[in-house]
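Shown next, in C-alpha cells, is the structure this report addresses.
We did not get these values from a lab; they are worked out from the coordinates using the rules stated. All values derive from a computational prediction rather than experimental measurement. Glycine also receives a Cβ, built like all others from the backbone with ideal geometry; neighbour counts cover every protein chain displayed.
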C-alpha cells in the first residue's frame, strides 16, 4: 500500500478533529476530537516508520508514547468534565468562562 493513502487518511482524520475542536460547544465532543487528532498523528508516525523499515522504529515508540499520553488526557479531562457537570448541570464550553472568580 502506498504511503500516500495513509497520509490522505491521516490528514482527513486530523481535519475532522480540528473541525470538531473549533465548532463544538460540548466539552466531551471536544475531548473526542482531540483524540481523533492524536490518532491521526499516530497513523503518520507508524506510516513513516514502516516506510523507513527496521531503522525507523522511533516512529512506533513515539506512537506508543502518544497513546499513553492520550489515555492520561482522557482520564483527567473526563474527570474535570464530570465535576463541572455536577456543579453546573451543563458542559457547555461557552458557559465555562463564568467559573472565573
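Flag: residue 1 matches the condition of being out of contact with any helix residue (DSSP H, G or I) (no Cβ under 9 Å at 6 or more places or on another chain) and more than 14 Å from residue 63 (Cα to Cα).
Residue check: residue 11 meets all listed conditions (1) within 30 Å of residue 90 (Cβ to Cβ); (2) surrounded by fewer than 16 Cβ atoms within 10 Å (Cβ to Cβ) but one, namely (1).
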